[in-house]
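The values are calculated or read from the model by the stated rules, or taken from the named source; none is laboratory data. Keep in mind the model is a prediction, meaning the values are calculated, not measured. Backbone-built Cβ (ideal geometry, glycine too); neighbour counts: all protein chains shown. Surface areas here come from the heavy atoms of the whole protein model, side chains and all, with no ligands, DNA or RNA. Shrake-Rupley method; radii C 1.70, N 1.55, O 1.52, S 1.80 Å.
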Amino acid sequence: MKKYHKLLTVKAADLDELHHVNNVRYLDWVQQISKEHWEVLTKKAWEHRYFWVVKRHQITYHSPALLGEELILTTYVPEASGATSKRKVEIRKSQEDGLVAECLTDWVLLDRQTGKPARIPREMQEIFQ
């Protein structure tokens, strides 16, 4: 399974009134790293034929992230079949092993021309492995 990593530092704009990273910001980060990973793996022909939409995000928060902390985000696709895939994103403090948050997202592949679900081609399934 091909993993993709991203480092970031928590900024003041990421915080909520409790001075930890806002829940919505975690979702932004999940979306960003998912898109970046897909752009690394994809082929131009796929971009013109398909696009992905979110069916569901399931986020579990384990510990707060605070201003100035460095975080490492890791994403991978543990499952892809039919027209759907599951993508996992883990957020950790880079100098600790502790999990800050994790998200499991259900994605649906759509045909760009029809807007309807499309079966994930075998070649596309293989890039996730």
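Take the conditions (1) crowded, with 17+ Cβ neighbours inside 10 Å; (2) closer than 20 Å to Leu27 by Cα; (3) modelled with pLDDT of 95 or more; Gln58 misses just one of them, which is (1). Taking the condition free of Cβ contacts under 8 Å to residues at least 60 places away in the same chain and surrounded by 11 or more Cβ atoms within 10 Å (Cβ to Cβ), does His19 pass? It is false that His19 is free of Cβ contacts under 8 Å to residues at least 60 places away in the same chain and surrounded by 11 or more Cβ atoms within 10 Å (Cβ to Cβ). Reported count of residues in the range 90-120, each being over 14 Å from Phe51 (Cβ atoms) and in contact (Cβ under 8 Å) with a residue 24 or more places away in the chain, is 14.
Restricted to the range 22-44, and to residues that are more than 14 Å from the chain's Cα centre (by Cα) and either open to solvent by less than 70 Å² (accessible area, probe 1.4 Å) or among the aromatic types (Phe, Trp, Tyr) (or both), which residue is nearest to Glu126 (Cα to Cα)?
Once the filter is applied, the top-ranked residue is Thr42.
Every listed requirement among (1) closer than 22 Å to Glu126 by Cα; (2) touching a Lys or Arg at 6+ places or on another chain (Cβ under 6 Å); (3) β-branched (Val, Ile, Thr) is met by Ile72 save one, (1).
Would you mind stating whether Ala45 is more than 28 Å from Gln129 (Cα to Cα) and either at pLDDT below 95 or assigned to a helix (DSSP H, G or I) (or both)?
Here the answer is no, as Ala45 does not meet what is asked.
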